[in-house]
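Enquirer: Got a structure here, written out as C-alpha cells. Questions coming.
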C-alpha cells in the first residue's frame, strides 16, 4: 500500500519545487556514511523486498476490504459543533483532485457561503508561506551535507526505490539529496500529477478562492514548521518505512487514491478511517502518531476554543483527520462536545 495520500496541502502545492535537475553523474556517498548493505543501523526492517511487498499487500487487502464493504451518505461528510452564538462546520478535504470530480452539495455550499472565517490546516498561498516552505524544504527536506539517500537503504530497498522511480520516469540522482520523507512526498505528488490529479482542483483551493471573493477571513490550525516538522522529525527508520510504503504502491498507479476519493465523495467515514487513519496506511506506528494522531490532539482543543468567539467558521482539513478512533471528531466527543454528523 502506498503512502497515505492525504498529504498536507503545503506539500501538494510545493513539493515538486525542489526536485533537482536530473542531468550529470550521481554523486558518491561520503566516506563516513555506511554502505547500503549496512544501512539499517539498528532499524528492524526486513532486507528481503519480497517480505516487504507481502506485508504491504496484506495490509492493503485488509483496508480495501473494509472500505469496499462500507457505505456513506452519498455526499462528503459534514459535521457541526455549535453553542448559543457560534457555529463550527467541520469538513474533510482532499488536497489534490481530478478536475472533473463533483463534490459540491447544497449543504456543503451553505456551510462555505455562511462562514465568516475559513480555517485551514496551514497557510499555503501567501508570499510569506511560500518563503517559509521553500526554506523548510531546502533545510529539512534535503541532506545538505553530501549524504546520499541510498546510503541509508538496504540493497533490497534500493531496488524497490528504483522500481518506483521508473514508474514516474525519474532518475535516482533526482532524489539522492533528499531525506526519505521528502523523497516519498515527491514520488507521490509526481505520480498523482502525472495521472491527472491537480492541487488547483483540490478542495481547499476552491474554497479559498470563493471565500476571498466575498471577503471572508482566514485562520490556521498550525504553522508550516509545525506541520512539516512532523515529517522531518521522524527518525530515519520511520522515514525509510514511509518511503518504502510509497515506493511499493507506485506500481498500482492512483488506483488506491481513486478509491479513497470515491469513499470521501460518498461520505463513508468507516472506509476513510480504514484507508487513511490507521498505522497500515502510514507505514508505521511512529508515522501514524506523528502525522495524524499528534496533530489531531493539538487541533481538538483549538477547535473547541473557537466556540468562545461568536460567528460561523468552516474548518476544512484533510479527510483523514476527521475519520477513525483517533480523529478530531472522536477527540471532541470524548471531551463531551456534541458534534452532529456521522
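Enquirer: How high is the relative contact order of segment 187-342, given as a whole-number percent (alpha carbon pairs under 8 Å, six or more residues apart)?
Expert: Normalised by residue count, the contact order of segment 187-342 is 23 percent.
Enquirer: Using only the alpha carbon atoms of segment 275-342, find the Kirkwood hydrodynamic radius as the inverse mean reciprocal pair distance, in angstroms to one decimal.
Expert: By the Kirkwood definition, the hydrodynamic radius is 12.7 Å.
Enquirer: Another question, then. Give the span of segment 147-234's Cα atoms along each principal axis, as three whole-Å numbers ordered largest to smallest.
Expert: Largest to smallest, the principal-axis extents are 54, 30, 16 Å.
Enquirer: Taking only the alpha-carbon atoms of segment 188-300, what semi-axes of the equivalent ellipsoid follow from 5 times the gyration tensor eigenvalues under a square root, in whole Å, largest first?
Expert: 25, 20, 15
None of the figures in this text is laboratory data; all of them are computed from the coordinates on show. In this text, all values refer to a predicted model and were calculated from it rather than measured experimentally.
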